[in-house]
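Below is one structure, written out as structure tokens; the observations come after it.
The values are calculated or read from the model by the stated rules, or taken from the named source; none is laboratory data. What you see is a predicted model, and the numbers here were worked out from it, not measured in a lab. Cβ: placed from backbone, ideal geometry, glycine included. Neighbour counts: every protein chain shown. Note: accessible area is taken over every heavy atom of the protein model, side chains too, but ligands, DNA and RNA are not part of it. Shrake-Rupley method; radii C 1.70, N 1.55, O 1.52, S 1.80 Å.
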Amino acid sequence: QQKERLESIDISGLLQELKDELADTYPERPIVLELESAKKIHGDYRELYSAVSNLANNAIKYSPDNTPVTIRWYDDRNKCLLEVEDQGIGIDTMHLPRLTERFYRVDDSRSSTTGGTGLGLAIVKHVMAAHGGELLIDSELSVGSTFTLIFPEGE
């Protein structure tokens, strides 16, 4: 088992790197970064990158081409928040409590069209727990979804 590589992570830099990667992969997709905090998070860069990448890729997969995916990094009182917001198909509220379960899918037909494993949000939840944070999901059918990573106060 590998030891975690804990370091002070510049989330703004991580998000800029992710935006560049997404722009290469999805050139038709506007990715909007709103970087309102300069705070850093103590943690494992690879794990955090993986978690945010997972949310951003889901946002792109489940929303129409040419609609923006917005990624925000900001402070709110004694917490740091990272939001990934899309204008996609949304998720029925009946599914929200189970979304972070391993292999849970809203609709099995999605797996063949999007190539997912059903593990993405379970991994995000695990990464957030390891970083002392939490994942909140807010969604409305036909309007879109916002996935929020809430971290304890940054540095």
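Numerical summary
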{"read-out": "Mean accessible surface per residue for the chain, computed with a 1.4 Å probe while every protein chain stays in place, in Å²", "value": "54 Å²"}
{"read-out": "Asp75/Glu28 FRET efficiency (R0 22 Å; Cβ-Cβ; nearest 0.05)", "value": "0.10"}
{"read-out": "Heavy-atom accessible surface of the chain: percent carbon and sulfur, 1.4 Å", "value": "48 percent"}
{"read-out": "Length released on extending from Glu153 to Asp10, taking residue separation times 0.36 nm less the Cα-Cα span", "value": "50.1 nm"}
{"read-out": "Residue list for the range 15-29, given a label point 7 angstrom along the Cα-to-Cβ vector of Ser50 and an amide N cut-off under 18 Å", "value": "15, 18"}
{"read-out": "Highest to lowest packing among 142-151, 85-94, 15-24, 48-57, scored as the average C-beta count within 10 Å", "value": "48-57, 142-151, 85-94, 15-24"}
{"read-out": "Global form of the range 1-79, assessed from the alpha-carbon gyration tensor, a/c cut-off 1.5", "value": "oblate"}
{"read-out": "Debye log10 I(q)/I(0) at q = 0.11, 0.15 Å⁻¹ for the chain, Cα point scatterers", "value": "-0.41, -0.78"}
